[in-house]
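Please treat every number below as a calculation from the coordinates, not as lab data. Predicted model, so just to flag it, every value in this text is computed and none were measured. Backbone-built Cβ (ideal geometry, glycine too); neighbour counts: all protein chains shown.
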Amino acid sequence: MNRKFSPTASTPVKKRKGRKDPNVRVTDAGPVTGDQYLKLQQKVGLELADYHALLGISMKEHYLITVNPAEPLADPGLCLHVRLLDEYPELVDPEPEVMELVQTVKRVRRDHPETPWPMPATAGLVALMLGRNSQTATTWSTGRTVPARKIMALVHHLLTLLAERDDPDRVLVRYCELIDREGQARGIDDIFTSRRWP
């Protein structure tokens with residue numbers, strides 16, 4: 001006798017006692033709707049452009065979904081992606097932290113003391129590396145402000161580069177040269193002395 005798998009079949013399911021699932025789902029047994037698609041964006045905490053990139057949809061597709069949010073989504077692949085991320089929100093990579101980059105720069109400096117640096121490996125240096133004045137690092141480290149998305153994209157790329165290269169000290173020295181070049185292009189003789197972008 002052949003049996004088909006049926007998720008609604010009345011098979012006894014063992015429930016774990018005690019712990020409640022902390023993942024509050026936005027989808028249910030019915031079709032995935034535009035409302036659920038929008039609630040998932042809030043659940044995973046992404047800005048619209050990042051959410052589009054994550055799901056691989058265009059602005060036009062997003063607009064068509066939001067025109068009639070109570071309607072089921074037409075694309076089964078998109079519905080499955082929404083359900084997957086609703087079930088496993090940990091698949092959405094959290095943004096890197098600026099302080100993670102600060103710690104990485106300090107570790108590279110500690111591991112390569114012979115490498116010449118234009119200034120000490122501090123949060124101030126990292127702020128200059130991100131195109132901000134060195135005092136800005138204080139507001140980031142205390143949590144008073146959050147860097148803009150374009151800055152966080154730069155943080156992500158720098159962390160990726162430092163993690164993947166065999167010569168992170170050379171990467172940082174070269175990047176400091178690029179910082180100096182950008183400073184000179186903006187009329188600053190020595191950005192590492194002034195520690196300020198115009």
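Are there DSSP H segments in the chain that both extend 18 Å or more along their axis (alpha-carbon positions) and score a mean Kyte-Doolittle hydropathy of at least -1.0? List them, or say none.
Correct list, ordered by number: 98-111, 149-164, 168-185.
I'd like the GluC sites (Glu not before Pro) in segment 70-112 restricted to DSSP loop residues with at most 11 other Cβ atoms within 10 Å, sorted by number.
Those that pass, being in a loop and sparsely packed, number zero.
If you line up the Cα atoms of segment 98-194 on their principal axes, what length do they span on each, largest first, in Å?
Principal axes ranked by extent give 34, 30, 20 Å for the Cα atoms.
In whole Å, what three semi-axes, largest first, describe the equivalent ellipsoid of segment 34-91 built from its Cα gyration tensor (square root of 5 times each eigenvalue)?
16, 13, 11
Among the aspartates and glutamates, select those whose C-alpha is under 15 Å from the C-alpha of Lys20, and discard any that sit fewer than 8 residues away in the same chain.
Of all the aspartates and glutamates, those that pass the test against Lys20 - Cα under 15 Å, at least 8 places apart if same chain - are Glu87.
List, largest first, the extents of the alpha carbons of segment 58-104 along their principal axes, each in whole Å.
47, 22, 16
If the limit is 30 Å between Cα atoms, which of Lys106/Lys150; Lys43/Lys106; Lys60/Lys150 go over it?
Lys43/Lys106
Taking the Kirkwood radius as the inverse of the mean 1/r across Cα pairs, report the Rg/Rh of the chain.
1.15
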